[in-house]
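The values are calculated or read from the model by the stated rules, or taken from the named source; none is laboratory data. Keep in mind that what you see is a predicted model, and the values were worked out from it rather than measured. No Cβ is skipped: glycine too gets one built from the backbone with ideal geometry, and neighbour counts run over all protein chains shown.
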Amino acid sequence: MQLIQKLVTAMRGSTREALEVVIDANALRILDQEIIDCEKGIQQAKQELTQVVAEKLRLKREIDALTQSVEEQEQLAVSALTNNQQDVALEIAQSIAERESLLKNQQKKHEKLHQHAQQLEKSLKTALQHVERYRLELRMAQATNNAHKASQRLVSSGTGITNGLLEMESTLARIQLTQERFSDKLEATAQVESAVSPEGMFAQTNTREADNRAVNNVMDRLAQQAARQQS
């Protein structure tokens, strides 16, 4: 029995580790979804706050109307007493008492709604601040994760970016070498054509004759200098 319990414990540990690996691998996606869920909750809370504020405004209008009604009835009651109309004044006083009781109840409800609205508004502000902070942290984490992936691609071997850059450099060098060979071939062809053509041969003959004349001129000049030195 003890061995079975240890085996069950080991399986639970393996399951937990596997789940942790999955959670870690999808941490950014999980955080993003948690933020979205929280934002939905905030929207629902805003709707609730809107309903509370609307009910509070309705109660405020009722309170104002009841207050005005009580004031008006008090004036009527005072007028009745002034005219010795005790029965009328008593009837009005009973109505005033009922309205004042209703007014107190409405004021209590209004106060509770006011407190609830304040608490809800405070909670919303806090939640919005936290969500905004978590959203910023998520964007930073996503940017960092993308930077890490880019760095990994740059330093990776095989089909990585670094290897791709080396391949491009090698290809460019081969292209340049091919172009240089082609240019050399064109130049060599032009030289051969120039050398074997009649115009080229005539030009070469003229060049040799010009060179010979230049050499003869130099020799003549040197001979003249030598003769002057001997005389």
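General observations
- Qualifying residue in the stretch 145-157 (condition: surrounded by fewer than 15 Cβ atoms within 10 Å (Cβ to Cβ), at pLDDT below 85, out of contact with any Leu (no Cβ under 9 Å at 6 or more places or on another chain) and not in a helix (DSSP H, G or I)): yes
- Just one residue in the set 54, 45, 65, 27 is surrounded by 15 or more Cβ atoms within 10 Å (Cβ to Cβ) and not charged (D, E, K, R); that residue is 45.
- Where a residue in the stretch 166-187 is modelled with pLDDT of 75 or more and surrounded by fewer than 10 Cβ atoms within 10 Å (Cβ to Cβ) and its partner, wherever it lies, is among the aliphatic types (A, V, I, L, M) and part of a helix (DSSP H, G or I), with Cβ under 6 Å and at least six apart: none
- Residue match in the stretch 53-63 (condition: at pLDDT 85 or above, of a type outside the set (Gly, Ala, Ser) and within 35 Å of the chain's Cα centre (by Cα)): no
- Residues located in the stretch 80-116, provided they are part of a loop (DSSP other than H, G, I, E, B) and exposed (fewer than 13 other Cβ atoms within 10 Å of the Cβ): 83, 84
- For residue 40, the criteria (1) over 30 Å from residue 136 (Cβ atoms); (2) part of a helix (DSSP H, G or I); (3) without any contact (Cβ under 8 Å) to a residue 12 or more places away in the chain; (4) of a type outside the set (Phe, Trp, Tyr) hold in every case but one, which is (1).
- Test result for residue 60, among the basic types (Lys, Arg), without any contact (Cβ under 8 Å) to a residue 40 or more places away in the chain and in a helix (DSSP H, G or I): no
- Qualifying residue in the stretch 19-29 (condition: out of contact with any Cys (no Cβ under 6 Å at 6 or more places or on another chain), at pLDDT 60 or above and not hydrophobic (A, V, I, L, M, F, W, C)): yes
- Scanning the stretch 89-136 for residues that are of a type in the set (A, V, I, L, M, F, W, C), within 26 Å of residue 66 (Cα to Cα) and touching a residue at least 12 places away in the same chain (Cβ under 8 Å) turns up 89, 92, 93, 96, 102, 103, 113, 117.
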